[in-house]
1. From 37, 52, grab the single residue that is of a type outside the set (D, E, K, R), surrounded by 12 or more Cβ atoms within 10 Å (Cβ to Cβ) and in a loop (DSSP other than H, G, I, E, B).
2. So is residue 5 in contact with a Pro (Cβ under 8 Å, 6 or more places away or on another chain), assigned to a loop (DSSP other than H, G, I, E, B) and charged (D, E, K, R) or not?
3. Residue 32 passes all but one of (1) at pLDDT 95 or above; (2) small (Gly, Ala, Ser); (3) in a loop (DSSP other than H, G, I, E, B); which number fails?
4. Please specify each residue of the stretch 1-22 satisfying the condition of being more than 22 Å from residue 69 (Cα to Cα) and surrounded by 13 or more Cβ atoms within 10 Å (Cβ to Cβ).
5. Between residues in the stretch 40-56 that are within 16 Å of residue 18 (Cβ to Cβ) and residues that are outside any strand (DSSP E or B) and among the β-branched types (Val, Ile, Thr), which pairs lie under 7 Å by C-beta distance while being six or more apart or on different chains?
6. I need a count of the residues in the stretch 8-29 that are of a type in the set (Ser, Thr, Tyr) and not in a strand (DSSP E or B).
7. Can you run down the residue pairs with Cβ atoms below 9 Å, 6 or more apart or on separate chains, where the first is in the stretch 12-36 and more than 25 Å from residue 57 (Cβ to Cβ) and the partner is modelled with pLDDT under 95 and surrounded by 14 or more Cβ atoms within 10 Å (Cβ to Cβ)?
Amino acid sequence: MEVTDAAGRVVWTFPSAHAVPPVVSALPVDPAPGDATTVVAVLESVTATQATIRVWQTQPPAALGDQPAVPAGAGLAVHVVAVARS
């Protein structure tokens with residue numbers, strides 16, 4: 001499990017380098033599952049040695065305005081898995 005920085009990002013360096021960029025899956029853990037927001041993970045980049053993931057938090061319908069999602073911020077848990085491509 002990785003944890004986001006202040007910008008809502010995780011830079012995960014793989015335990016060992018892959019021959020080519022692997023298939024990566026990232027699942028953020030919603031810190032408040034009972035409220036009107038949710039979190040989503042977006043892969044920003046994947047190389048043979050690391051993945052950069054950004055986690056976004058949706059806004060409640062009344063606060064949507066022109067920013068339906070904002071960076072999640074620091075401390076959010078993200079489960080990340082990388083699997084070699086076949």
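1. The match here is 37.
2. no
3. (1)
4. Result: 12, 14, 18, 21, 22.
5. Hits for this filter: 48/20.
6. Number of matching residues: 1.
7. That search, which allows pairs on different chains as well, returns nothing.
The values are calculated or read from the model by the stated rules, or taken from the named source; none is laboratory data. No experiment lies behind these values; they were computed from the predicted model shown. Here Cβ is always computed from backbone atoms with ideal geometry, including for glycine, and neighbour counts include all displayed protein chains.
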